[in-house]
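Every number here is computed from the coordinates shown, using simple stated rules; none is lab data. These numbers were taken from a predicted model, which means no experiment stands behind them. Please note: Cβ atoms are built from the backbone with ideal geometry, for glycine as well, and neighbour counts cover all protein chains shown.
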Amino acid sequence: MKTLKTTFLLTALTLLLLFIGASFGGERGITIALVVAVLMNGTAYFFSDKIALASSGAKPISREEAPRLYAVMERLAAKANLPMPKLYLIPQPAPNAFATGRNPSHASVAVTQGLLELMNDDELEGVIAHELSHVRNYDILTSSIAATLAGAIMWIGHMGRWGLILGGWGGRDSNREGGGITALLMLILAPVAALLLQLGISRQREYQADASGVKMIGQQYGLISALEKLGAYNQRIPSNIPPSTAALCIVAPLAPRQFLSGLFSTHPPLADRIAELRNMTITR
């Protein structure tokens, strides 16, 4: 199923780029778009984790800098029979975390400075178990590729905006008019496509990772408390994590100047996630 999702996302990007190439350049545009699609698909598959980490400002963190984080990660990774992921720190006060990578052998987990400062041991364990569940469930490949493709679609939208500002491409009035219309469509549709791309993969996987994480540690109260804290602080403290990477986070961060965030949220409501956790029955 994960392979099908990944194939679908990469195919969708290819078709989108071919459509844009045909709109702007005919057969020559299709050829250029095909080359770009191949390069972008390869980049999305092999480097989506590095792009997500770089875009969020994450830096590698050593055992000496975060002994508590390493202790929790090592214990839970061993319990889940997973390789130890690489650990990164995002120097931001809003508490959050995300996992990324191609597979469990190439996985990374990034946490913010605020998360380490605000979470007690049980809460930190709940957050890390949630992220390791994404790794074990192979969510990280699909989600990381989706984040990269969403960023690419947003970039296409920005190109469309500049095309509209400059009056389109082509030089003649008719070409300029057609280019302007296409640019306007890109301006409107690109953000919507990026959001739909993330909505298609994000909501259900969060419920699954919550449930898997709780089973991993044997109780749900640490994760419940962590989600309550995460929700409270992320409603007040803005984050500079870009929207495409924000879909990977355990809770949706508050972005500066972000409107209609509830309508287009890539995460299920925290109240619903917490209610699901409270109703879980843990068998030991």
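Which net charge results for the neighbourhood of Phe98, defined as the other residues with beta-carbon distances under 11 angstrom from its beta-carbon, given Lys and Arg at +1 and Asp and Glu at -1?
Taking every other residue near Phe98 into account, the sum is -3.
With a 10 Å radius around each residue's Cβ, average the other Cβ atoms per peptide and rank 215-226, 239-250, highest first. Numbers along the way, then the final one.
Working: 215-226: 19.6, 239-250: 24.2.
Per-residue mean Cβ counts within 10 Å order the peptides as 239-250, 215-226.
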> What is the local net charge at Thr245, summed over the other residues whose Cβ is closer than 12 Å to its Cβ (Lys, Arg +1; Asp, Glu -1)?
Replying inline: 0
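Count charges around Ala71 for me, please; just the other residues with Cβ under 15 Å from its Cβ, Lys/Arg as +1, Asp/Glu as -1.
Values: positive: Arg63, Arg68, Arg75, Lys79; negative: Glu64, Glu65, Glu74, Asp121, Asp122, Glu123, Glu125.
Residues close to Ala71 contribute a combined charge of -3.
Could you rank the peptides 136-143, 76-83 by their average count of other C-beta atoms within 10 Å per residue, with the highest value first?
Working: 136-143: 22.8, 76-83: 15.0.
Descending packing order for the listed peptides: 136-143, 76-83.
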